[in-house]
1. Just to be sure I understand the filter: pairs with C-beta atoms under 6 Å, separated by 6 or more residues or on different chains, first member in segment 155-173 and over 15 Å from I108 (Cβ atoms), second member surrounded by fewer than 15 Cβ atoms within 10 Å (Cβ to Cβ) and of a type in the set (D, E). Which pairs pass?
2. Does any residue of segment 161-168 turn out to be in a strand (DSSP E or B), surrounded by fewer than 16 Cβ atoms within 10 Å (Cβ to Cβ) and either of a type in the set (S, T, Y) or not assigned by TED's automatic domain parsing to the domain that holds H67 (or both)?
3. Answer yes or no as to whether T100 is modelled with pLDDT under 95, surrounded by 14 or more Cβ atoms within 10 Å (Cβ to Cβ) and among the polar types (S, T, N, Q).
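The values are calculated or read from the model by the stated rules, or taken from the named source; none is laboratory data. Fair warning: this is a prediction, and the values are worked out from it, not measured in the lab. Virtual Cβ from ideal backbone geometry, glycine too; neighbours counted across all protein chains shown.
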Amino acid sequence: MKKIFVIIMLIGYSLSAFSQYGKQIFSFNKFKVFKSEKNKTYTILNSRNRAVLKNLKYVNYAGYSNHLQVVDKKNHLFYLNDSLKKTSTPKEEMVSFCGTVASFKRKIIEDSKNYFVEFTEDNSVYNEGVKVSIVDTIPKKDVKNIYFSNKKKEIHYDENFYLPTYLILDLGDKVAIKQGDSTKYYDSIDLSTSFPKVKRDSLVGYYGITEVKYRKIGKFEYNLAKFEDKNGNIGYIDLQGKEY
């Protein structure tokens with residue numbers, strides 16, 4: 001009877017901890033990471049369901065390393081190893097990929113009036129052969145130059161390593177990014193970072209991730225980039241554009 005009582009107490013304690021800290025979002029070695037949607041905070045619990053780190057603004061895996069990327073309530077970013085000890089920037093683990101996959105190529109060709117995007121799909125590994133088609137047409141008027149995110153007129157990728165396929169149009173005093181039927185205009189673009197950093201009216205942002213509303217925004221380090229908004233507030237933004 002005593003044993004049953006202890007089990008019931010442990011279950012009750014676990015449920016109490018779960019409801020107190022929100023919903024478990026993932027496990028990390030011997031630890032559990034919870035997120036409270038009400039308080040917008042993260043908590044890390046140990047194997048006894050005791051909180052070892054609380055009131056965190058952000059917690060997630062740091063890429064393919066066996067570390068967590070964390071931002072605390074004082075806006076300090078740091079990394080934790082699998083024992084929850086603070087470490088320097090994590091070392092990436094080796095990741096293997098399937099070597100037999102379909103491959104793709106996009107190439108910009110032209111005639112006297114237009115640019116065209118020629119798309120080559122090589123599905124030979126699936127016995128489906130090679131297919132070549134024109135997937136976009138861009139009139140040459142006002143376009144000084146046109147290229148992909150690698151700053152070239154040809155881009156290669158496959159099912160393991162997908163690259164962005166948007167087009168960058170140099171319009172002289174402006175630059176445009178064209179993705180399918182959508183075209184967005186900016187004062188300038190910086191392709192030296194992992195994602196294109198765009199500028200408009202002295203404010204910056206990351207194309208496809210954030211609005212163009214920051215005074216400053218740094219490079220992405222794993223999941224997060226540090227920003228300063230136009231009011232001087234400092235924080236971090238993730239790859240989905242959510243601020244912390």
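1. Once the first residue is over 15 Å from I108 (Cβ atoms) and sits in segment 155-173, its partners that are surrounded by fewer than 15 Cβ atoms within 10 Å (Cβ to Cβ) and of a type in the set (D, E) give L171/D142.
2. Within segment 161-168, not a single residue is in a strand (DSSP E or B), surrounded by fewer than 16 Cβ atoms within 10 Å (Cβ to Cβ) and either of a type in the set (S, T, Y) or not assigned by TED's automatic domain parsing to the domain that holds H67 (or both).
3. No: the conditions fail for T100.
So that you can scan it fast, the table gives a plain yes or no per residue for (1) in the same structural domain as N150 (by TED's automatic domain parsing); (2) assigned to a loop (DSSP other than H, G, I, E, B):
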residue: F34; (1), (2): no, no
residue: T43; (1), (2): no, no
residue: V52; (1), (2): no, no
residue: N75; (1), (2): no, yes
residue: I109; (1), (2): yes, no
